[in-house]
Amino acid sequence: MSTSRDDFGIVIRSALLQRGAKQKFSLFVLILLSLFVFVLDNSNLKPVKVLRSLINDGIYRISAVSSSPIRFSGASKDFFVKHIFTYEENKRLRKELEDLKSKNFQSSFLEAQNNELQNVLDLEKNSPYSVVNAKVILDKNSPFLNSVIINKGSNAGIKLGMPVLNEGYLAGRIVEVNFVSSRILLLNDLNSRIPVIVSPSGTQAILSGVGKREPSLEYLPDNFMLGEKESTVFTSGKDGVLFPGIAIGKVVLNDNKKFVKLFADPDQINFVSVALEQQEDSGAR
Amino acid sequence: MALVLSNLKDTFFKLGPLILLIFICISEFHTQFYYWGIFTFNFQFIIIYYWVLRDPDILGYGFVFICGFINDVVLSLPLGTSALSYLFVSLVAAYVRTATVRNSLFTDWFTFLVAIIIGNFIYFFLLNKFAGADIKYTTLFYNSLFTFILYPFFWGLFEIYKKITFSRRND
């Protein structure tokens, strides 16, 4: 018994300390170094944060370049698939064109009415937020994290917690800011929790990522029922970080649980707008 | 000239596993597929375990550490998390290499299970205790399971690769 224990000790010691002919470091030294780096990174010291920020920026750029063959192959596949289905798409588009022509008269009227109302309220017609537009440079998922990297950072005025919009809808929030890059935590990430309001009932809830495409609605009152009209989810702004009234998605029922079908598809985000601040008088919009 | 070219080719073939590991860590290459909602596997574990066990001169511990470091930056994990996890996988591989005389697929495969459990436990423990990240146990389980199941497939591929590389070197 003691012999086998001795053998185990000898083998472990040999595995930890032995270096091969071409190995410059032993496993023991590298494990100690990793622990040291881990403790240092968790210490939240300012020089370490600055250093990490610089490392992040450098590696994200290299990562974006090295990912280009993968992106190219994805784009090529889409190109061929699109061409294969051109005929079907053409038929569908013709039908849609007919439908749109008939709707055009109706939308012209609504547009005129909308312009008139806006003039009455004397509101700005542009976005209610001052934004910074950015491009997604890296989109790598892990089983534990759904996040993307964008090519703007603190140099563009981006700060932690700022809401990120995709085509006007909430896509996530900033969780890491470097000098020339930032990380967005997407709404479907397991760690994402956002206070929301469900319209038209005005019910408060928490939008919680579950690691799937559609996040779930939690902390709804027991008597909450989905109405006949579609329920839309907006940010409530209760956390004091996100601006209130940003559209997020529609409530869908799945196995008696309430999920939210996001307006900004987390798998299709290429360009985003980071809302820096809400413009004055935009609350009425 | 032909000799220089041949040496370059040999060096490239020899660096293949290292290049693959770095590429997987740094690029958008997804080993976390969500087909059927459960299929994910850790390709890095497979590469590290196989090459540290079979030919440690091809994949040095220093490179394993650097790849873990890069992986942490790309996935925004606390620095050192993946490096520690990968180094413990390497430790199991080094232990098996030292303790066994003759390796076969089955000894490799079943000892790989120990490596996966230790590697993922360290990953989970550090993320959960220090980074405060929410982790689904089921995702971790499926990840470990599919990594284990897929090992013989990649073992076969790497064996073929090794034969080609060695036959080139011995020519």
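Throughout, read-outs are computed from the coordinates displayed, never taken from laboratory work. What you see is a predicted model; the values in this text were computed from it and never measured. For neighbour counting, all protein chains shown are included, and Cβ atoms are generated from backbone atoms with ideal geometry for every residue, glycine included.
Below, the figures for the structure above:
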item: FRET efficiency, A:Asn270 to A:Phe28 (Cβ-Cβ, R0 45 Å, nearest 0.05); result: 0.50
item: Net charge of Cβ neighbours under 13 Å - reference A:Phe259; Lys, Arg +1; Asp, Glu -1; result: +3
item: Net charge over other residues, Cβ less than 11 angstrom from the Cβ of A:Ile174 (K, R count +1; D, E count -1); result: +3
item: Neighbourhood charge, 12 Å Cβ-Cβ cut-off, centred on A:Asn133 and excluding it, Lys, Arg +1 and Asp, Glu -1; result: +1
item: q = 0.06, 0.10, 0.11 Å⁻¹, the protein assembly as shown: log10 I(q)/I(0) [Debye, one scatterer per Cα]; result: -0.35, -0.87, -1.00
item: Within straight-line cross-link reach of A:Lys46, lysines at Cα separation under 26 Å, skipping those fewer than 8 residues along the same chain; result: A:Lys152, A:Lys159, B:Lys129
item: By average C-beta atoms within 10 angstrom, highest first, the peptides B:98-107, A:212-221; result: A:212-221, B:98-107
item: Mean ellipticity per residue at 222 nm, deg cm²/dmol - from DSSP H runs of n ≥ 4 across the protein assembly as shown, formula -39500 (n - 2.57); result: -18000 deg cm²/dmol
item: Inter-chain shielding of A:56-68 (mean C-beta neighbours from other protein chains, 10 Å cut-off); result: 4
item: Extension gain, A:Ser43 back to A:Gln204 (0.36 nm per residue minus Cα-Cα distance, nm); result: 54.3 nm
item: Estimated FRET transfer efficiency when R0 is 56 angstrom, pair A:Ser130-B:Leu105 (beta carbons, to 0.05); result: 0.40
item: Sites B:Ser167 and A:Ser68, calculated FRET efficiency, Cβ-Cβ separation with R0 25 Å, nearest 0.05; result: 0.15
item: Average Cα contact separation per residue, chain A, under 8 Å, 6 or more apart, as relative contact order %; result: 16
item: Estimated distance in nm for a label pair at A:Lys257 and A:Glu88, the labels positioned 7 Å out from Cα along Cα-to-Cβ; result: 3.2
item: Low-density loop cleavage sites - chymotrypsin sites (Phe, Trp or Tyr not before Pro) in segment A:1-104, where at most 12 other Cβ are within 10 Å (DSSP); result: A:Phe85
item: Flagged links, alpha-carbon separation over 30 Å, of A:Lys49/A:Lys140; A:Lys258/B:Lys136; A:Lys229/B:Lys136; A:Lys24/B:Lys162; result: A:Lys229/B:Lys136
item: Average Cα contact separation per residue, segment B:82-163, under 8 Å, 6 or more apart, as relative contact order %; result: 35
item: A:Val252 long-range amide H proximity, modeled H, under 5 Å; result: A:Phe259, A:Val260, A:Lys261
